[in-house]
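Engineer: After the structure tokens below, expect a handful of questions from me.
The values are calculated or read from the model by the stated rules, or taken from the named source; none is laboratory data. What you are looking at is a predicted structure, and each value in this text was computed from that prediction instead of being measured. Using ideal geometry, Cβ is built from the backbone for each residue, glycine included, and neighbour counts are taken over all protein chains shown.
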Amino acid sequence: MQAMMEKRAKELLADGTVNRVLGWSAGEFPYDITPAVFETAKELEDAFVYNDFCAANLSKYLVKESRKEGKILVFLKPCDTYSFNQLLAEHRILRENIYVIGVPCYGKADVEKLKAMGIEGITGIVMQNGTYTVETVYGDQTVKAADAMAERCLSCKSKKHVVYDELLGDEGEVDADCNRFDMVEKLEAMTPDERFAFWRGELSRCIRCNACRNVCPACTCEQCVFDNPNSGVSQKAAVTSFEENLFHIIRAFHVAGRCTDCGECSRVCPQHIPLHLLNRKFIKDINEFYGDYQAGADPEAKPPLGTYDKADREAGEGGRH
Amino acid sequence: MQRIGVFVCHCGTNIAGTVDVVAVAKALGQEPGVVFSTEYQYMCSESGQQLMRAAIREHKLTGVVVCSCSPRMHEATFRKAAALEGVNPYMVEIANIREHVSWIHKDMAEATEKAVILGRAAIAKVHLNAPLQAGESPVTKRALVIGGGIAGIQTALDIAEAGFEVDIVEKSPTIGGKMAQLDKTFPTLDCAACILTPKMVDAAQNEKINIFAYSELESVKGYIGNFKAQIRRKARFVDETKCTGCGICTEKCPQKKVPNEFNMGLDNRRAIYIPFAQAVPKVATIDANYCTMMKTGKCGICSKVCGTGAIDYTQKDTVIEREYGAIVVATGFNPIDAKVYNEYGYMDSPDVVTSLELERLMNAAGPTNGTLLRPSDKTHPHTIVFVQCVGSRCDETDERGKPYCSKICCMYTAKHAMLIREKYPDTDVYVFYIDVRTPGKNFDEFYRRAVEQYGVHYIKGQVGKVVEQNGKLHVQASDLLANEQLHIDADLVVLATAIEPDKTARSLGTMLTASMDTNDFFTEAHPKLRPVESPTAGIFLSGVCQGPKDIPETVSQASACAAKVIGVLAKDKLTCNPCVAHSDELLCNGCSSCEKVCPYGAISYSDKEFRGPNRTTLIRRVASVNPAVCQGCGACTVACPSGAMDLKGFSNKQIMAEVDAICK
Amino acid sequence: MSHGNNAAEQVLRSSGVDVRKCMRCGKCTATCPAFDEMEYHPHQFVYMVEKGEIDKLAASPSIYKCLSCFACVERCPRGVEPAKLVEAVRLAVIRKQGMNHLATDAIPALLDEEMPQQALVSALRKYSK
Amino acid sequence: MQVNEYKPKIVAFCCNWCSYAGADGAGSARLAYPAEVKIIRVPCSCRVNPMFILRAFQRGADGVIIAGCHPGDCHYTSGNYFTRRRMALLFSMLDYLGIERERTRVEWISAAEGAKFSKTMSEFAATVASLGENKRLEDLRCKQ
């Protein structure tokens, strides 16, 4: 796949369709992959990668990139296309400056999980038939994909691209029974005291590094309210438990109805806080209260918080969970 | 830093009786930025305002906090006073320590403490207030009157008299409303038609008045000065411009079995009809539910006999759009359905009638040509029982009834009783009442005449049941003063059914966002001081839609309403509410979240150039608010994730400062 | 008027009736099928309880003449429920006597095919506590 | 009256057109409700940002209630419908975080419903009082 993508990127650069390519490049370690913009075939040859460590959602980078001179090629995994559509619906990216190539994704590996299995010296990874073959300096090791896959990929909602200019590889399907709300349901089933304890345990670890916000494709504000001294809620670091809660509640609320559930927030959290569980709660509530809604699936759809129904349930209705 | 003055009002003892006003003034005087603090007996009085103005001058105040009654009461008064001294009116904040403190709390310490806290919140807000300049919006110099009864007609005539154009939208084929159905009017006994129909004709002939009869309001958008309404003109299947109202069609139409709603279903009309002789506009209407031609495609007699070719079976509803500066609601009332009162046998005997049906039975243009005859056998009734308060004055345990007094029944029943005794002296008339209410000019005199001069039997007590027996109506009732149960064999029983707002009122209220009470009467902006205005600017109330009224009251309210409308239409520009949303372009993402929740379409987007890093320019899509269209609800401010959208006068920071002050 | 005496309070409490809601329309009395038999009529019960005249009511045969048909309750436009007052006065009397006039066991012997169900229920209401 | 009786702090956001007028009506009719309830006037219930609610809890409020026009009667046509959606989600989220749901409420109170205003506020104050002090969304720096 990597070769195919590289070849196509070079063609598009060569024929002038695009002048830049947004993709992934290997970092210090082969599993430490970062988004990167390539301007020449040479740069692509040197650094472009696409493998099962390429987790980053590239759509957010288009907010800045699509406003630059010329057209940019972007490779989007299925879940990234939802973010892309959402950004499009919110006029955050300029479609005419973007050439989208959809690439398949069968679930990205979580390097932490591999490390926890004692796998060291990782140099590469290949997935085939539900098995990761992890290349290491000590030779190849095989791992069942389900054991090493990132949490978010285990409950992947869709392997189907919702937007693209061209597609490389196979197209997947939307998975209606992805069980992505299982953990939310488990939390809902707890007593309020247990839930409170759970979230205190999680959120108290927050170091306010803002990684979740910076990676989130729904958090593209020119200036975040938490950085704006005039907003009345600006804060650089969470001083008290209240501020820890405040940041995450407001962030989740601001992306409610807009979050596509790409899971980047939890992926990048250095403290491993399951932030996606906050967003998924809103998604689940929206589905239950106002009918199924998948942000980004249809850029023309009315956002649930931008519309209403006269027969909507009352706030607080429906009893306790 | 603001220089704030605090003025604590005693409101006589209304506030000072429960709140230690001196302590409040003293405590608030300690707040940062407060350079002057005092209390006074009546801040709203001329001398109170002078005191405030002097303090503004003397202490060079930049902000004012008045601790007094509700801002809904005197905010405007104090703002005006401050403006006279050069302080921007929006630098004045009110702490409501009367309605929200002294009137609901009894304990002085508690009330004083709360008053201080509310004062602090107002001070905290003023610190963040900014002078606001009100914008202006143009006024469409035309009024819409919804409902063509006496209320609507009078309002329209008065507005037209002042030189402004008025449209009357009436859902039935003619204007005239309930008054057109009445026989005589109390307490003068002049004939309703004789005094109403000239007004109907005036309305029709007035070039400033457009009558859209047989039409319904489809939608209303906009705000005071700038409403846009869609009016559905229902198909009459008769060309209004051609029909001369000669009535030949209504005589020749073979479909004779259509219940005549104008006569309360007591007789029949044709499928093509003119509701009554003096109808305005006097144009025939085809009732498509009954017309043989419309139902089967065979007949067409009316079309053949029509001399002007006015009949058009293919006519369709049309929707017209008109612009208005003000809207008058004059949707009136209906008697409640007497069907639900089976103890009075309304459904069992045709001789149990409602008062409005009796009006038709006594009217010279009614089904009996004015001779009072029983509907069942067309004989003259000799014993007539009137039952008062049918469905009025019921509490919530009685779901058939209304909690209010319908107001007009006592008087019209006295009128009915008197007219019957006058015309048919051999008739025994009984009136069963709970109370007889006659507050009105010459009203009690009128009622006493019925009792004393005409010998109507007024009996304190209610009717328990009415049963048809051998052609008579057996009435079982109580005479509470004599402590007797009475049994009367009556020929006719007349029910004074409660009146309720027209069924269309509820949906209309929603369309106009004009508030209503639980009985579907429109709420006035103030029960005493602004009785003809709805709380929604530009919406005015005329007649029974606001509450039960008799004709003289309705007419005076209708004229009062017209005066208010004229007050709007006479202005070339209206001052807009300056408390509108505005977008900080530097923060705006251009995401359209705000645009989606704006009910007025006040937000638009444009691409603007911004300075980027390293002397580059960035083009970004940003929102801007049209301040003339924005009404200041603030929906957009919460929809905006970046905090770019804020509301002037109720900014995020101001509200949070109030929260902080209250929670301190 | 002797407001707030003990007997009246007890009747008000056990009946749950708010006598002040009565606006003296008399529809209860107008409806009453036992009017002729009753010394005091439904509206008078309401008024007399309000005045605290429980003794007079307790001594009156009216409390047994009431058919417990509840027509007055049904018809009252203000939800006053006069029959409940009649019942409450009656119960106060029966309780003082310390015995039921009618035991459930005695009913089968009294049954009559012609007797309407309501009369039976009404009798139980009236003669037992 | 007990000296140390616990009195909750309650912030009531009332829309100018219905509920604030309803509160005035409660005052005119002398229908008491606890003094702990302090009202902040907003043009419409839809002006209430979740940030205001959290701010109130941070600064020491024990309960926050939002009162607006009945659905369908919003002075601005649709504001309260948006309030309903936003608050349904926010309250559900607070509950999900283990914060007592009873501390937050939305009520529809018209200008004519002074009695309802007083009753609602009394009830809410009693509910909040029974929950005790807000501990789960408190900010210790703001406590005395």
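Engineer: When you look at D:Ala56, is it at the interface with another protein chain (Cβ under 7 Å from one of its Cβ atoms), in a loop (DSSP other than H, G, I, E, B), within 14 Å of the chain's Cα centre (by Cα) and among the aliphatic types (A, V, I, L, M), yes or no?
Structural biologist: Spelling it out, it is not the case that D:Ala56 is at the interface with another protein chain (Cβ under 7 Å from one of its Cβ atoms), in a loop (DSSP other than H, G, I, E, B), within 14 Å of the chain's Cα centre (by Cα) and among the aliphatic types (A, V, I, L, M).
Engineer: Also, I was wondering about something else. With respect to B:Thr62, is the statement that it is away from chain D (no Cβ under 14 Å), hydroxyl-bearing (Ser, Thr, Tyr), under 25 Å from B:Ser651 (Cα atoms) and touching a residue at least 40 places away in the same chain (Cβ under 8 Å) true? So that I can check it myself, show each step before the final result.
Structural biologist: On the way: away from chain D (no Cβ under 14 Å): yes; hydroxyl-bearing (Ser, Thr, Tyr): yes; under 25 Å from B:Ser651 (Cα atoms): yes; touching a residue at least 40 places away in the same chain (Cβ under 8 Å): yes.
The answer is yes for B:Thr62.
Engineer: A:Leu278 - would you say it is away from chain B (no Cβ under 14 Å), among the hydrophobic types (A, V, I, L, M, F, W, C) and buried (at least 22 other Cβ atoms within 10 Å of the Cβ)?
Structural biologist: So A:Leu278 passes the test.
Engineer: Moving on. Restricted to the range D:64-94, and to residues that are within 24 Å of A:Leu187 (Cβ to Cβ) and more than 7 Å from chain A (Cβ to nearest Cβ), which residue is surrounded by the most Cβ atoms within 10 Å (Cβ to Cβ)?
Structural biologist: For the range D:64-94, the residue satisfying everything is D:Val64.
Engineer: Same structure again: Just one of B:Thr13, B:Thr77, B:Thr38 is over 27 Å from D:Cys14 (Cβ atoms), polar (S, T, N, Q) and surrounded by fewer than 22 Cβ atoms within 10 Å (Cβ to Cβ); which is it? Walk me through it before giving the result.
Structural biologist: On the way: B:Thr13 fails: over 27 Å from D:Cys14 (Cβ atoms); B:Thr77 fails: over 27 Å from D:Cys14 (Cβ atoms).
That would be B:Thr38, the only listed residue that is over 27 Å from D:Cys14 (Cβ atoms), polar (S, T, N, Q) and surrounded by fewer than 22 Cβ atoms within 10 Å (Cβ to Cβ).
Engineer: Of everything in the range A:200-220, what is over 12 Å from the mean Cα position of the chain (by Cα) and within 14 Å of A:His272 (Cβ to Cβ)? Give them in sequence order.
Structural biologist: So the first thing to find is which residues in the range A:200-220 are over 12 Å from the mean Cα position of the chain (by Cα), and the list is A:200-211, A:220.
Listed by number, the residues that qualify are A:Gly201, A:Glu202, A:Leu203, A:Ser204, A:Arg205, A:Cys206, A:Ile207, A:Cys209, A:Ala211.
Engineer: Looking at D:Cys44, D:Cys14, which is the one that is in contact with a His (Cβ under 9 Å, 6 or more places away or on another chain) and crowded, with 24+ Cβ neighbours inside 10 Å? Before the answer, list the steps.
Structural biologist: Numbers: D:Cys14 fails: in contact with a His (Cβ under 9 Å, 6 or more places away or on another chain).
Selected residue: D:Cys44, the only one of D:Cys44, D:Cys14 that is in contact with a His (Cβ under 9 Å, 6 or more places away or on another chain) and crowded, with 24+ Cβ neighbours inside 10 Å.
Engineer: Out of the residues in the range D:96-106 that are in a helix (DSSP H, G or I) and at the interface with chain A (Cβ under 7 Å from one of its Cβ atoms), state the one that is farthest from the chain's Cα centre (by Cα).
Structural biologist: The qualifying residue farthest from the chain's Cα centre (by Cα) is D:Tyr96.
Engineer: Among (1) under 30 Å from B:Cys663 (Cα atoms); (2) buried (at least 24 other Cβ atoms within 10 Å of the Cβ), there is one condition B:Ala156 misses while meeting the rest; what is its number?
Structural biologist: Among (1) under 30 Å from B:Cys663 (Cα atoms); (2) buried (at least 24 other Cβ atoms within 10 Å of the Cβ), the lone unmet condition for B:Ala156 is (1).
Engineer: So, in the range B:465-477, exactly how many residues are at pLDDT below 95 and buried (at least 22 other Cβ atoms within 10 Å of the Cβ)?
Structural biologist: Residues that pass the stated criteria total 0.
Engineer: Using beta carbons and a limit of 6 Å, which pairs, at least six apart or on different chains, have the first residue in the range B:438-460 and on the phi < 0 side of the Ramachandran plot and the second one surrounded by fewer than 18 Cβ atoms within 10 Å (Cβ to Cβ) and in a helix (DSSP H, G or I)?
Structural biologist: B:Thr438/B:Asp444; B:Tyr458/B:Val451
Engineer: Take B:Glu609 and tell me if it is outside the structural domain of B:Asp190 (by TED's automatic domain parsing), more than 27 Å from D:Asp73 (Cα to Cα) and either out of contact with any Asp or Glu (no Cβ under 8 Å at 6 or more places or on another chain) or assigned to a helix (DSSP H, G or I) (or both). Lay out the reasoning, then the answer.
Structural biologist: On the way: outside the structural domain of B:Asp190 (by TED's automatic domain parsing): yes; more than 27 Å from D:Asp73 (Cα to Cα): yes; either out of contact with any Asp or Glu (no Cβ under 8 Å at 6 or more places or on another chain) or assigned to a helix (DSSP H, G or I) (or both): yes.
When the stated conditions are applied, B:Glu609 passes them.
Engineer: I would also like to ask the following. Only one residue in A:Asp292, A:Asp261, A:Asp285, A:Asp312 is touching a residue at least 60 places away in the same chain (Cβ under 8 Å) and acidic (Asp, Glu), so which one is that?
Structural biologist: A:Asp261
Engineer: Could you name every one of the strands (runs of 3 or more DSSP E) located completely within the range A:50-151 that has at least 2 residues being touching a Pro at 6+ places or on another chain (Cβ under 6 Å), at pLDDT below 95 and not assigned by TED's automatic domain parsing to the domain that holds A:Val162? Can you show your working first?
Structural biologist: On the way: elements: A:72-76, A:98-102, A:122-128, A:131-136, A:139-144.
Answer list for the range A:50-151: A:122-128.
Engineer: Next question. Among the residues of the range A:9-43, write down those that are over 25 Å from A:Gln128 (Cβ atoms) and in a helix (DSSP H, G or I).
Structural biologist: A:Lys10, A:Glu11, A:Leu12, A:Leu13, A:Ala14, A:Ala41, A:Lys42, A:Glu43
Engineer: Please state which one of B:Met347, B:Met362 is among the hydrophobic types (A, V, I, L, M, F, W, C), surrounded by fewer than 16 Cβ atoms within 10 Å (Cβ to Cβ) and in contact with a helix residue (DSSP H, G or I) (Cβ under 7 Å, 6 or more places away or on another chain).
Structural biologist: Of B:Met347, B:Met362, the one residue that is among the hydrophobic types (A, V, I, L, M, F, W, C), surrounded by fewer than 16 Cβ atoms within 10 Å (Cβ to Cβ) and in contact with a helix residue (DSSP H, G or I) (Cβ under 7 Å, 6 or more places away or on another chain) is B:Met347.
Engineer: If A:Asp193 satisfies every condition in (1) more than 8 Å from every other protein chain (Cβ to nearest Cβ); (2) under 18 Å from A:Lys281 (Cα atoms); (3) surrounded by fewer than 17 Cβ atoms within 10 Å (Cβ to Cβ) but one, which is the exception?
Structural biologist: (1)
Engineer: Could you tell me which numbered condition C:Cys25 fails, if it satisfies all but one of (1) within 11 Å of chain B (Cβ to nearest Cβ); (2) in contact with a Ser or Thr (Cβ under 8 Å, 6 or more places away or on another chain)?
Structural biologist: Condition (2) is where C:Cys25 drops out.
Engineer: What strands (runs of 3 or more DSSP E) completely inside the range B:5-121 contain at least 2 residues that are hydroxyl-bearing (Ser, Thr, Tyr)?
Structural biologist: Correct list: B:34-40.
Engineer: Please give the number of the condition D:Phe91 fails out of (1) in contact with a Ser or Thr (Cβ under 6 Å, 6 or more places away or on another chain); (2) closer than 24 Å to B:Gly601 by Cα.
Structural biologist: Here D:Phe91 clears every test but (2).
Engineer: For the range D:1-27, which positions are of a type outside the set (Phe, Trp, Tyr), at the interface with chain B (Cβ under 7 Å from one of its Cβ atoms) and touching a Ser or Thr at 6+ places or on another chain (Cβ under 9 Å)?
Structural biologist: If the condition is that a residue be of a type outside the set (Phe, Trp, Tyr), at the interface with chain B (Cβ under 7 Å from one of its Cβ atoms) and touching a Ser or Thr at 6+ places or on another chain (Cβ under 9 Å), then D:Cys18, D:Ala21, D:Ala23, D:Asp24, D:Ala26, D:Gly27 are the ones that fit.
Engineer: So, one more: With the requirement that a residue be aromatic (Phe, Trp, Tyr) and under 20 Å from the mean Cα position of the chain (by Cα), what does the range A:100-137 give you?
Structural biologist: A:Tyr106
Engineer: Sticking with this one: Is it the case, given these coordinates, that B:Ala193 is outside any loop (DSSP other than H, G, I, E, B), closer than 23 Å to B:Leu541 by Cβ and not assigned by TED's automatic domain parsing to the domain that holds B:Met362?
Structural biologist: Against the criterion (outside any loop (DSSP other than H, G, I, E, B), closer than 23 Å to B:Leu541 by Cβ and not assigned by TED's automatic domain parsing to the domain that holds B:Met362), B:Ala193 does not qualify.
Engineer: Of (1) among the β-branched types (Val, Ile, Thr); (2) touching a Lys or Arg at 6+ places or on another chain (Cβ under 8 Å); (3) part of a loop (DSSP other than H, G, I, E, B), A:Ile207 satisfies all except one. Which?
Structural biologist: (2)
Engineer: Report whether or not B:Cys636 is closer than 24 Å to A:Asn85 by Cα, surrounded by 24 or more Cβ atoms within 10 Å (Cβ to Cβ) and either facing chain D (nearest Cβ under 9 Å) or in contact with a strand residue (DSSP E or B) (Cβ under 6 Å, 6 or more places away or on another chain) (or both).
Structural biologist: Answer is yes for this residue.
Engineer: Of all residues in the range C:13-43, how many are more than 21 Å from C:Arg75 (Cβ to Cβ) and either buried (at least 19 other Cβ atoms within 10 Å of the Cβ) or of a type in the set (Ser, Thr, Tyr) (or both)?
Structural biologist: 1
Engineer: Now for a separate question. Has the range B:482-495 got at least one residue that is in a loop (DSSP other than H, G, I, E, B), in contact with a helix residue (DSSP H, G or I) (Cβ under 8 Å, 6 or more places away or on another chain) and at pLDDT below 95? Can you show your working first?
Structural biologist: Taking the range B:482-495 as the starting set, the residues that turn out to be in a loop (DSSP other than H, G, I, E, B) are B:482-483, B:491.
With the extra rule that they be in contact with a helix residue (DSSP H, G or I) (Cβ under 8 Å, 6 or more places away or on another chain), the set shrinks to B:483.
Then drop every residue that is not at pLDDT below 95, which leaves B:483.
Yes, the range B:482-495 has at least one match.
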